[in-house]
Amino acid sequence: VVGNLPWHTLGVAEVDAWGNRLGYAVSPDYADAGRGIVHNPVPATQVSICQEKTCAQPLAAVAAILSHGRNGFGAHNALGKTNLAPVSADELTNIDGTPRFVMHPPTAADRPEGEFDDLVTWISPAWLLGRLCDPASSCAGP
């Protein structure tokens with residue numbers, strides 16, 4: 001699942017600090033209430049956290065949340081309109097409709113790779129299971 005964060009359902013603010021809606025992705029394995037708790041590793045193809053657009057060494061995530069940062073390039077604003085598209089390859093990756101998100105320190109607009117100020121936070125499978133399961137229970141897996 002990839003799209004705009006369902007802020008109303010989650011009971012969180014509609015927009016980030018710059019007035020833009022947050023993007024998100026969630027692994028289908030973890031979004032299926034009928035499956036129960038998933039112990040198997042999440043394939044990196046479901047939700048990937050990358051250091052650059054080629055995603056040579058992806059980190060697998062249960063879910064990711066994206067703020068388009070101060071520049072807001074590619075974001076949907078509070079009026080539901082799409083802001084100007086980004087120029088940098090890394091920010092373009094974050095709006096391409098795939099569950100792949102680039103996360104690294106910001107770069108300035110005058111850098112060869114272009115401006116990057118997107119903010120990404122993510123949940124790893126291990127972090128989620130650690131919050132859901134008592135370590136002594138069978139819930140924690142093998």
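Rule-based calculations on the coordinates, nothing more; no lab input. Remember, predicted model here, so these are calculated numbers, not experimental data. A quick note on method: Cβ atoms are made from the backbone with ideal geometry, for glycine too, and the neighbour counts reach across all protein chains shown.
May I have the pair-distance distribution P(r) for the chain, computed from all Cα-Cα distances with 5 Å bins from 0 and rounded to whole percent?
2, 10, 18, 20, 18, 14, 9, 5, 3, 1, 0
Quick one: net charge around E52, please, counting Lys, Arg +1 and Asp, Glu -1 for every other residue with C-beta under 12 Å from its C-beta.
The answer is -1.
By DSSP, what percent of the beta bridges with both residues in the chain are antiparallel, rounded to the nearest 5?
Beta bridges within the chain, antiparallel portion: roughly 85 percent.
Residue farthest toward the positive end of the dipole of region 12-119, with Cβ of Lys/Arg at +1 and Asp/Glu at -1: which of P112, V47, P58?
Selected residue: V47.
Among S88, S124, what is the fewest-to-most ranking by other Cβ atoms within 10 Å?
With the sparsest Cβ surroundings first, the list reads S124, S88.
Do the sum for the chain: with -39,500 (n - 2.57) for every DSSP H run of n ≥ 4, divided by all residues, what is the mean residue ellipticity at 222 nm, to the nearest 500 deg cm²/dmol?
One gets -3000 deg cm²/dmol as the mean residue ellipticity at 222 nm.
If you take the charge dipole of the chain about its Cα centre, with +1 on Lys and Arg Cβ and -1 on Asp and Glu Cβ, which of H76, L129, S88 is farthest toward its positive end?
L129
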